[in-house]
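Note sheet for the following structure.
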């Protein structure tokens, strides 16, 4: 890892590779758009592509381990520098890590004659190496609180490995097991990070006292999500549906209580804040729909999952990267109306995606509208933030 203190050394590194958030935010967003366009075309027979694992497996895997994992890596490999004071990966090492992520995306989309085990190994290596990097920074300064992200990343690698095992063994039950496990694992990570940053950002911007930590509520928000993740990863959620549903309900109620304590109602004029609160509300909705699904009320697994993924994870990612990209490039934490529109569009994409639960005869129509809204929301981010992320900081500082 290159430790930079001399500005002349900083100038030798392309701006895009001066910190992890730059390449991974841009590439992750672009990849999500390409992935959903290909998925939409395949649904309506306009595309005859044979990716690794088949089109459905590829869609499930890549929206988590292609798009979401890139954003998680970019965020953590940037935040860890702030948390620990240790210079984070940049320059050529960052280029190599980015190249590893990109190689996985290319090989899964166009596997050719490359052995399946090799493709799986390259893909799984990315979260493992990211986990090792995070651990090295945290252990160096003995900041044990932040070590929790290493096992989460390793569990992400495990979930990806379960999905790959399903392809290699021809057992697509494993594919669903790994996919659902990874989604709840990301929801858990979002709950952990959201609990740190959303009340902090809100209190700071509104000049309010930070809400006091309610330990029973915090434990009630996180522990059920841990249990749900383990149930999904182990494939035992369907064996114990009522237990799974009950745990999901506890998680939904606790996280709703947690969210209301963050005073989101006071943020309606600040897009960078209300977008965070709204996205977290979709996580709560996804958990409540999971409760209904496992209680056999007719709510499909697809509906509960897409409430979590499109509205919760997709919305929270868009809100977070919009803010982080401004802060880490030395810009004021303010957005224009266009970015605010992107936050509305991603919420609309989530609402439309769960409408098939009410109007099943229009399923294909709602799917295409939801995909289009996602493309518009993230397309706005990409166009506006491309020059921000690919150019040096405006304040002349490193990063």
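Where a number appears in this text, it was derived from the coordinates with a stated rule and is not lab data. Values in this document were obtained by computation on a predicted structure and should not be read as measured data. As a convention, Cβ positions derive from the backbone with ideal geometry for all residues, glycine included, and neighbour counts pool all protein chains shown.
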Q. Would you list 238, 296 from fewest to most Cβ contacts within 10 Å?
A. 296, 238
Q | Where Rh is the Kirkwood radius over Cα pairs, Rg/Rh for region 351-399 | A | 1.35
Q: Using only the Cα atoms of the chain, build the gyration tensor, take square roots of its eigenvalues as a ≥ b ≥ c, and label the shape rounded, prolate or oblate: rounded if a/c is under 1.5, else prolate if a/b is larger than b/c, else oblate.
A: rounded
Q) From the square roots a ≥ b ≥ c of the eigenvalues of the alpha-carbon gyration tensor of region 169-291, which class results: rounded (a/c under 1.5), prolate (a/b over b/c), or oblate? A) prolate
Q. What list do you get for 35, 322, 390 if you sort them by fewest beta carbons within 10 Å?
A. 390, 35, 322
**Q.** Relative contact order (%) - region 7-390, alpha-carbon pairs under 8 angstrom, separation at least six
**A.** 15 percent
Q. With each run of n ≥ 4 DSSP H residues scored as -39500 (n - 2.57), what mean residue ellipticity at 222 nm is computed for the chain after dividing by its residue count and rounding to the nearest 500 deg cm²/dmol?
A. -24000 deg cm²/dmol
Q.
Over region 129-202, what portion of Cα pair distances is larger than 13 Å, expressed as a whole percent?
A. 70 percent
**Q.** Neighbour-count order for 55, 33, 63, fewest beta carbons within 10 angstrom listed first
**A.** 55, 33, 63
